[in-house]
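Below is one structure, written out as structure tokens; the observations come after it.
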Ligand code: TYD
């Protein structure tokens, strides 16, 4: 097993009242694609805990961030629906908050998928620790990118160089952060007095409702709902004034925050979601116990189905997603059952999915050697992929959709 640290207190409120509810076992890092089928990926424990005080759901263990993000294979722009999503996002924040020459800093700017779609009139700066991904943002979108892991020190340096930002953005990144309190200090440092902090995170409500445990992995340390997020922001004098549910990553929330008493009126959506969370039992230990039981039953159903299908025909994977690697590893599925996985990301092609020895191939393999069944591991893009792969289905191929509801179509 590889190196990792364990927490004894909550990353947000420092309470020691942590309740462990879901143990997925020892799993490889989901983006640790291997060069050869005999290479063995390092594994790390994957256990989720619930803070009985502030209700924050988080992993017990922290795998060194450098181990996970140094050679990152997640390029946001590899998936067309994400490009559209961030195009709309760029339009929304431009219309609502930005004027000419405003500074926008995005933490975790990836390949520039959002900053690259902002109008030229704003000054955009990215912070992105993965060198290979940051390079793409610089090359394709001509962006200024600080290739470092964001923390309060990096924030001070960005602030010294560029000034304070009208908008600080953080999409699918707050959940990756171990030291959340320091991260919040950094946001506080960078944000102009009347600035907005806008972030997107997968929403715990959707995760629990849909049973999408496969979005829980070492990169994702935190699983947010409104209440713990508000507690974290409040520690730095920030308040949430608006929130929207978004369909991406299996269900997310976009949270809008400002300094307490800032210029934006609070919308009713913040209270609506807080009420929904209370009614769903997000403050109760029993809710999480029920969820864990559901996941064990799901494993039996999926493995039973795939073993039966593999006896009738060939099975391939579609999309070598991170969540797909959790699903395969937790369910003990490997190259015995799944012949290959196709993926559009060049960096993943001609590798082997971590922990499974299943080869990852370019999409052409799917056209040239279509399987009888395709396990849709990028299930968050089900609509787009079904629309794209009509030929496969017309020729008799069938998709196994593993999440949010197990289905064969
Ligand atoms: P994604 O769901 O974006 O993220 P994560 O890795 O966090 O679970 O991953 C989807 C993967 O599927 C990504 O590697 C790109 C790939 N993909 C395809 O191969 N074909 C497609 O048509 C789409 C939409 C995605």
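No value in this document is a laboratory result; all are computed from the given coordinates. The shown structure was predicted, so the numbers you read here are calculated from the model rather than taken from an experiment. Cβ: placed from backbone, ideal geometry, glycine included. Neighbour counts: every protein chain shown.
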Burial ranking of peptide ranges 260-266, 309-315 (average Cβ count within 10 Å, highest at the top): 309-315, 260-266
Choice from 347, 100, 155 with maximal GNM fluctuation in the chain (Cα, 10 Å cutoff): 100
Order by protection proxy (mean Cβ within 10 Å, highest first), peptides 276-289, 21-34, 85-98: 21-34, 85-98, 276-289
Spin-label model distance (nm) - residue 83 vs residue 95, 7 Å beyond Cα toward Cβ: 2.2 nm
Residue 15-residue 209 pseudo-label distance in nm [points 7 Å out on the Cα-to-Cβ vector]: 2.5 nm
Rounded tilt (10° steps) of 80-97 against the dominant C-alpha axis of the chain: 10 degrees
With Cα atoms, 0 to 90° folded angle of helix 152-162 axis to the chain main axis: 60 degrees
Pair residue 156, residue 1: separation of 7 Å Cα→Cβ label points (nm): 3.6 nm
Ordering of 332-338, 219-225 by packing [mean C-beta count within 10 Å, highest first]: 219-225, 332-338
Within the stretch 23-42, backbone nitrogen closer than 13 Å to the virtual label 7 Å beyond the Cα of residue 292 toward Cβ: 23-25
Calculated [θ] (222 nm, deg cm²/dmol) that DSSP helices of n ≥ 4 give over the chain, each run adding -39,500 (n - 2.57): -10000 deg cm²/dmol
Sorted by Cβ density within 10 Å, fewest first, the residues 253, 385, 295: 295, 385, 253
Tilt relative to the chain, helix 131-141 - C-alpha long axis, 0 to 90 degrees, to 10: 70 degrees
Efficiency of FRET from Cβ geometry, residue 244 and residue 372, R₀ 45 Å, rounded to 0.05: 0.65
